[in-house]
Each structure stands twice: as structure tokens, then as C-alpha cells.
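For reference, the structure discussed in these notes is given below.
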Amino acid sequence: MKKRHLKKRVIVLGVIILALILGFIFYPRQSSSTTPKKQTVKVKKQTKKELSYYKKENAQRYQEYQKQHPEYSHEDVITYVNMNLDYDFYGKIIRQDHPNDLDTIVNKYYQLDPSYAPDDLVEINDQATPGSYGYPYRSHLVRKCVYDDFQALRKACQEKGFELYVASGYRSTKWQDEIYNHMANTYNQAKADETCSRPGHSEHTTGLSMDIGLDQYKLDDVIKHPQYQWFVSKLADYGFIIRYPDQKDKLTGYLYESWHLRYLGKDLAKKVTQSKLTYDEYYARHH
């Protein structure tokens, strides 16, 4: 009887020892492969980028415009509202109080005083140029600050083998009114607004913009000139930009005008060109 109890104890003890040995051998491996260690991950809260051109007074407008255009990025929403694109063109009129500044902007929102006229206008063509649309020489005016850089650009074009001239420079508000009314009466107001500024809203009135001709190519055809791409690539070096780029009419309000230049000065023209933004967008981010 005692032997039988002893034998049972030995067996039980052996089973316990064997279980402990097996547990020691297999448990660490099993725990390491099936029970991953708990890791603490710090989640950084995502916030919208703070932009230097964010304006607190436009906060409500930003929110409403974002709801209307969920496809736009945060940066674009801020830019477009700063441009006043949450209003229809000519739906909000802002008097431009700094018309003489080199970086001034005049568009379908910013309007010049009806009596404004630069006091430093000079003739830009010379009698050696073919004149507008290939007709005899015509005098056109621009502000004096434009003159030297335009003549330097003109000389570079001559060295390249073609002629550059101004087909239309400064226009008074009265003159612009006549042009706009003629367009509207000939076609209609919507058609006129695609390519012509309403009086007080034309960059030509600043004396800093011009429509140019290349050799005998008419305005609509200057883009067909064999040296046109070279010409455009050099503009910023002389302080100019193409003011109304291709496929940007929803931003600028105007169809592509390959002939319309705006003078900004060399430093600013290079910055705008490098940004790949329209001047309206660039202005909205820096004012």
C-alpha cells in the first residue's frame, strides 16, 4: 500500500517537473511571437499650416469659400479669398490708393480714381519702329521708370534679329471708356469683359502696361513669331511679365493675352515668374 502511494507521488512529481521544463523551454518563444510588446505611439495632431497671408478679418469668408469649393487646398482658399474671388468680377470694388507704386494692382476688383493720370509719362517708341500693326510709326506713352528697361529689351530683340515695339501704352480712363463701350456695343458686355477692362480697371491707365508687337505680327499673332518663346523667357530679366497667362482667365478675369506686358521692375518680375503664379495670386499673398 505504501509502495503504491509512493509510486503515485513519484509519477505526479515527475509530471510536474516535466511540465515546468517544457514551460521554460516553450513559453518565452510563444510569448515573443504571439504577444507583441505594447508600444506607446505619439500621434501628432494635424493642424492647418499657418500662412503669412492669412487675414483674420477674412476668417468667415475663408470658411464659406472652403465649403463652396472643397476641392481647393487650404492655401488656395486663402489666396483666392484674398483675391476677392468669392465675389463675382466687378462684384466688389476697391479703390486703389497707391496707383504710383511699382507693384500696384489694377484688375476687376481694384479700381483707379477716375481722375488718375501718371505725371511722368514719356514716349516709348522711336521713329525707326514699324508702329502698331505694321502701320507707320505711332507715339505711345509709358511711365518713365519703364523706359530704360524696355529699350534694353528692345535692343536684345534687335540683336536676336527682330523688332519690338509698343502697339498700345498708356490710356486715360476716358479713352478706356470709349474702347470698352465700343466693344460692348459691337458685341455685348459679357464678350467685352473677356478681353477689355471697364474704365478705371485697366492696367494701361497706370502707365506700367503695354501691348507689344514683334516685327509685322499683329497682336493675336505675336505668339506665332519664331522668336516668341525666347522673348518670353527673357522678359523677367528686364522687369516684365505676361500679365494674363494662358488658361488663367478664372483667376485674372481675362482670356490669354500673349501680347500684354506688365512692368514690375527686375526684382519683383523675377519673383513672380519663379513663383509660377499669376500676378493677382502673388499680390494676394504679399499684401
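Table: residues versus (1) small (G, A, S); (2) closer than 18 Å to D101 by Cβ.
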site: R198; (1), (2): no, no
site: L208; (1), (2): no, yes
site: G213; (1), (2): yes, no
site: D221; (1), (2): no, no
site: K224; (1), (2): no, no
site: Q227; (1), (2): no, no
site: F231; (1), (2): no, no
site: L235; (1), (2): no, no
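Flag: S209 does not match the condition of being more than 24 Å from E163 (Cβ to Cβ) and in contact with a His (Cβ under 9 Å, 6 or more places away or on another chain).
Within segment 48-60, can you find the residues that are surrounded by fewer than 12 Cβ atoms within 10 Å (Cβ to Cβ), in a loop (DSSP other than H, G, I, E, B) and of a type outside the set (G, A, S)?
Here is the first cut: in segment 48-60, the ones surrounded by fewer than 12 Cβ atoms within 10 Å (Cβ to Cβ) are 48-50, 52, 56-57, 59-60.
If we keep only those that are in a loop (DSSP other than H, G, I, E, B) as well, we get 48-50, 52.
Within segment 48-60, K48, K49, E50 meet the criteria.
Counting only residues that are part of a loop (DSSP other than H, G, I, E, B) and in contact with a Lys or Arg (Cβ under 9 Å, 6 or more places away or on another chain), which one in segment 190-199 is nearest to D120 (Cα to Cα)? Write out each step before concluding.
Taking segment 190-199 as the starting set, the residues that turn out to be part of a loop (DSSP other than H, G, I, E, B) are 196-199.
Adding the requirement that they be in contact with a Lys or Arg (Cβ under 9 Å, 6 or more places away or on another chain) leaves 197-199.
Details: S197: 23, R198: 24, P199: 21 Å.
Checking each candidate, the answer is P199.
Is it fair to say L141 is at pLDDT 95 or above, among the aliphatic types (A, V, I, L, M), farther than 19 Å from D237 by Cβ and surrounded by 14 or more Cβ atoms within 10 Å (Cβ to Cβ)? Yes.
Just one of the listed residues (Q96, Q176) is under 30 Å from Q216 (Cβ atoms) and surrounded by 13 or more Cβ atoms within 10 Å (Cβ to Cβ), and it is Q176. Scanning segment 220-279 for residues that are in contact with a Gly (Cβ under 8 Å, 6 or more places away or on another chain) and either farther than 23 Å from T206 by Cα or among the small types (G, A, S) (or both) yields V222, Q227, G239, G265, A269. Filtering P199, P226 for residues that are of a type outside the set (F, W, Y), crowded, with 20+ Cβ neighbours inside 10 Å and more than 24 Å from V272 (Cα to Cα) leaves a single hit, P199.
Of all residues in segment 243-253, those being in contact with a Lys or Arg (Cβ under 8 Å, 6 or more places away or on another chain) and either at negative phi or hydroxyl-bearing (S, T, Y) (or both) number 2. Against the list (1) touching an Asp or Glu at 6+ places or on another chain (Cβ under 6 Å); (2) in contact (Cβ under 8 Å) with a residue 60 or more places away in the chain, the condition K144 fails is (2).
Restricting the search to segment 162-189, which residues are in a loop (DSSP other than H, G, I, E, B) and in contact with a Ser or Thr (Cβ under 9 Å, 6 or more places away or on another chain)? So that I can check it myself, show each step before the final result.
Our first condition is that a residue be in a loop (DSSP other than H, G, I, E, B); within segment 162-189, this holds for 162-163, 169-172, 187-188.
Selection gives E163, G169, Y170, R171, S172.
Annotation note: Cβ proximity below 6 Å between a residue of segment 168-188 that is under 17 Å from A117 (Cα atoms) and free of Cβ contacts under 8 Å to residues at least 60 places away in the same chain and a residue that is surrounded by 15 or more Cβ atoms within 10 Å (Cβ to Cβ) and hydroxyl-bearing (S, T, Y) (sequence gap 6+ or interchain) occurs for R171/T205; Q176/S202.
Within segment 214-233, does at least one residue satisfy the condition of being touching a His at 6+ places or on another chain (Cβ under 6 Å), modelled with pLDDT under 95 and of a type in the set (F, W, Y)? Scanning segment 214-233, I find at least one residue that is touching a His at 6+ places or on another chain (Cβ under 6 Å), modelled with pLDDT under 95 and of a type in the set (F, W, Y), so the answer is yes. Being surrounded by 17 or more Cβ atoms within 10 Å (Cβ to Cβ) and under 20 Å from K108 (Cβ atoms) narrows it down to one of G207, G239, so name that one. Result: G207 is the single residue among G207, G239 that is surrounded by 17 or more Cβ atoms within 10 Å (Cβ to Cβ) and under 20 Å from K108 (Cβ atoms).
When you scan segment 235-267, how many residues do you find that are under 27 Å from E163 (Cβ atoms) and in a helix (DSSP H, G or I)? Can you show your working first?
Looking only at segment 235-267, we keep the residues that are under 27 Å from E163 (Cβ atoms), and these are 235-246, 254-266.
From what's left, in a helix (DSSP H, G or I): 235-238, 266.
Summing the residues that are under 27 Å from E163 (Cβ atoms) and in a helix (DSSP H, G or I) in segment 235-267 gives 5.
Would you mind finding the one in Q30, Q63 that is assigned to a helix (DSSP H, G or I), surrounded by 10 or more Cβ atoms within 10 Å (Cβ to Cβ), modelled with pLDDT under 55 and of a type in the set (S, T, N, Q)?
On the way: Q63 fails: modelled with pLDDT under 55.
Just a single option satisfies the conditions, and that option is Q30.
With the structure loaded, tell me whether I78 is among the β-branched types (V, I, T), in a helix (DSSP H, G or I) and in contact with a Cys (Cβ under 8 Å, 6 or more places away or on another chain) or whether it fails that test.
Considered against the rule, which asks whether it is among the β-branched types (V, I, T), in a helix (DSSP H, G or I) and in contact with a Cys (Cβ under 8 Å, 6 or more places away or on another chain), I78 comes out as no.
The values are calculated or read from the model by the stated rules, or taken from the named source; none is laboratory data. In this text the structure is predicted, and so the values were computed from the model without any measurement. Positions of Cβ are generated from backbone atoms using ideal geometry, with glycine treated the same way; all protein chains shown enter the neighbour counts.
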